[in-house]
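Notes follow once the structure below has been shown.
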Amino acid sequence: MTRLAQTAGLNDIQREILATVRDFVDKEIIPVATQLEHRDEYPTHIVEGLKELGLFGLMIPEEYGGLGESLLTYALCVEEIARGWMSVSGIINTHFIVAYMLKQHGTQEQKDTFLPRMALGEVRGAFSMSEPALGSDVSAISSKGVRDGEEYVLNGQKMWLTNGGTSNLVAVLCRSDEGHPEGTAPHKSMTTFLVEKEPGFGEVRPGLTIPGKIDKMGYKGVDTTELIMDDLRIPANRVLGGTTGRGFYQMMDGVEVGRVNVAARGCGVAQRAFELGVSYAQQRHTFGKPIAQHQAIQFKLAEMATKVEAAHAMMVNAARKKDSGERNDLEAGMAKYLASEYCKEVVEDAFRIHGGYGFSKEYEIERLYREAPMLLIGEGTAEIQKMIIGRRLLEEYRFQG
Ligand SMILES: Cc1cc2nc3c(=O)[nH]c(=O)nc-3n(C[C@H](O)[C@H](O)[C@H](O)COP(=O)(O)OP(=O)(O)OC[C@H]3O[C@@H](n4cnc5c(N)ncnc54)[C@H](O)[C@@H]3O)c2cc1C
């Protein structure tokens with residue numbers, strides 16, 4: 001039963017994939033999500049199901065064993081999954097960004113080595129830009145990769161790696177001075193290193209430690225970690241694309257598709273909040289009638305549904321723009337900004353509709369209330385999105401006087 005967030009112009013394959021994912025979400029994710037989340041338990045069973053559905057290879061080209069689907073199909077799947085449980089969409093997202101970066105920027109050998117196993121979900125990706133002292137200001141990265149013969153030696157501390165423990169391939173952004181003399185602009189002296197490791201915690205490879213999981217307010221189940229490099233040695237052929245100094249651009253390309261993904265998550269969480277709110281409002285009675293019959297509550301539902309529709313339309317527009325081969329940073333920034341803000345507002349309204357029960361852990365909305373804020377931060381905060389949007393608008397609408 002869904003009138004909202006429909007997408008016109010999908011082909012048969014897209015419709016079939018989405019129907020399958022929605023069915024999986026209704027049967028395998030929603031019934032267990034809140035319990036697992038409260039226990040901060042990794043959803044192993046769900047992840048195995050996603051592997052079987054081929055979701056880890058959704059956008060990986062068919063020649064590497066993936067489904068070769070578009071960003072739009074991917075984003076619509078993410079929306080469905082986040083409707084069930086946002087953490088599950090987080091498990092796929094960094095994997096998807098790393099696969100996308102390999103597809104776009106990897107050497108042939110890197111693609112052949114990683115993409116087929118990534119499509120099967122055997123190799124699982126994490127991506128790492130943030131450090132303890134920085135998130136928004138990527139140009140301030142201090143982790144370093146220094147060439148030593150046929151290897152690079154990496155040192156530094158990274159922060160906030162989604163899937164840091166469960167992944168076995170991490171794309172790590174470091175400063176690399178080789179060929180970039182003192183004074184080179186920061187974004188031209190960064191390199192993405194493809195770091196293979198064992199899944200788990202502790203010293204997962206000589207020189208590489210993943211301390212335990214960061215204890216978070218929400219977005220539980222999925223592991224978020226630090227990463228410490230202490231003379232970590234990486235073969236020179238594990239520089240993404242084979243050339244140093246391209247890391248900043250490669251990461252920003254990845255983040256751009258990641259932003260569509262975060263917008264899609266906002267849409268999914270908001271849809272679920274609306275479903276919970278509209279259902280509760282028809283069951284709870286006050287002053288002799290269901291609260292849905294009070295105009296104030298109807299207005300809330302109207303506002304919530306309008307936000308769900310608007311966010312979905314902007315997210316779909318941003319995905320289609322990228323799929324058409326055009327630059328989509330403006331649309332992705334707008335979609336991410338609007339969808340995450342609206343998601344927070346829709347969740348808050350659904351929470352209010354639940355009255356005191358929204359505060360009880362027995363009700364699903366309590367989980368959504370702790371999940372929505374993460375979307376305001378991940379893949380660039382609202383302020384960073386507005387900076388991107390503003391700069392692009394000034395490029396497009398340059399004063400000609
Ligand atoms: C659960 C979780 C998972 C994450 N997963 C990953 C991951 O997988 N990989 C990864 O690399 N990172 C990840 N991150 C990090 C995330 O990308 C950063 O937290 C985010 O970019 C913000 O950076 P920060 O926390 O350092 O905040 P800061 O950059 O310190 O910003 C603090 C505040 O100042 C504002 N601000 C900063 N600069 C400006 C400015 N110029 N003008 C106006 N306002 C400004 C910000 O908007 C924010 O409100 C994750 C974070 C969380 C919470």
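For a 20 Å ceiling on Cα separation, which of these pairs sit above it: K216/K386; K51/K216; K27/K51; K158/K336? K216/K386; K51/K216; K158/K336, as the Cα separations exceed 20 Å there. Sorting L134, L227 by the number of Cβ atoms found within 10 Å of their own Cβ, with the fewest placed first, yields L134, L227. Positive end of the charge dipole of the chain (Lys, Arg +1 and Asp, Glu -1 on Cβ, about the Cα centre): tell me which of Q385, Q35, V255 has its Cα farthest that way. So the residue furthest toward the plus end is Q385. If you line up the long axis of helix 71-84 against the longest principal axis of the chain, both from Cα atoms, how many degrees apart are they, to the nearest 10? Its long axis makes an angle of about 50 degrees. In the chain, the C-alpha radius of gyration followed by the widest Cα-Cα span (Dmax) gives 21.5, 80 angstrom.
Listed by Cβ neighbour count within 10 Å, with the fewest neighbours leading, S139, S360 appear as S360, S139. Using only the Cα atoms of the range 190-346, build the gyration tensor, take square roots of its eigenvalues as a ≥ b ≥ c, and label the shape rounded, prolate or oblate: rounded if a/c is under 1.5, else prolate if a/b is larger than b/c, else oblate. It comes out oblate by the Cα gyration axes.
Secondary structure note: in the range 68-171, about 65% of the DSSP beta bridges are antiparallel. With a/c under 1.5 counting as rounded, go ahead and sort the range 166-281 into rounded, prolate or oblate using the C-alpha gyration tensor (a ≥ b ≥ c being the square roots of the eigenvalues; past the cut-off, prolate if a/b is larger than b/c, else oblate). It comes out oblate by the Cα gyration axes. Counting only Cα atoms, the size of the range 289-401 along its three principal axes is 60, 29, 27 Å, in decreasing order. Can you compute the charge dipole magnitude of the range 245-357 about its Cα centre, using +1 on each Lys and Arg Cβ and -1 on each Asp and Glu Cβ, nothing else charged? Give it in debye, rounded to the nearest 20. Roughly 200 debye, rounded to the nearest 20. Evaluating 6.51 cos²θ - 1.76 cosθ + 1.60 at θ = phi - 60° for every residue in the range 2-11, the Karplus couplings come out as 8, 8, 7, 6, 7, 10, 6, x, 7, 8 Hz, glycine and proline recorded as x. Beta bridges assigned by DSSP with both partners in the chain are antiparallel in approximately 85 percent of cases.
Placing unit charges on the Cβ atoms only, positive for Lys and Arg and negative for Asp and Glu, gives the range 42-177 a dipole magnitude near 280 debye about its Cα centre.
With 28 Å as the limit, the listed pairs K322/K344; K188/K344; K144/K213 have K188/K344 beyond it between alpha carbons. Among the trypsin sites (Lys or Arg not before Pro) within the range 107-164, not one is in coil by DSSP while having at most 13 neighbouring Cβ atoms inside 10 Å. In the neighborhood of G333, defined by Cβ-to-Cβ distances under 11 Å, what is the net charge if each Lys or Arg adds +1 and each Asp or Glu adds -1? For residues surrounding G333, the net value is +1. For the chain, the longest principal axis of the alpha carbon atoms and the long axis of helix 12-24 meet at an angle near 70°.
The alpha carbon centroids of the range 25-103 and the range 226-255 are separated by 25 Å. Taking the fewest neighbouring Cβ atoms within 10 Å as the starting point, the ordered list for E150, E69 is E150, E69. Which one, Q282, I228, G266, projects farthest toward the positive side of the charge dipole computed for the range 212-327 from Cβ point charges (K/R +1, D/E -1)? The residue sitting farthest along the positive end of the dipole is Q282. Normalising the Debye intensity of the range 89-227 to I(0), with uniform scatterers on Cα atoms only, and taking log10 at q = 0.12, 0.17 Å⁻¹ returns -0.48, -0.98.
Estimated translational diffusion coefficient (Stokes-Einstein, Kirkwood radius over Cα pairs, 4 °C, 1.567 mPa s) of the range 9-76: 99 µm² per second. Note on the range 88-136: dipole from Cβ charges, positive end direction compared against L134, N93, T107; the farthest Cα belongs to N93.
For the range 57-156, the convex hull spanned by the alpha carbon atoms encloses 136 Å³ per residue. If the viscosity is 1.002 mPa s and the temperature 20 °C, what Stokes-Einstein diffusion coefficient in µm²/s follows for the range 159-218 when Rh is the Kirkwood radius over Cα pairs? The calculation lands on 160 µm²/s.
Throughout, read-outs are computed from the coordinates displayed, never taken from laboratory work. Quick caveat: nothing in here was measured; it's all calculated off a predicted structure. Don't worry about glycine lacking a Cβ; one is built from the backbone with ideal geometry, like all the others, and counts go over all protein chains shown.
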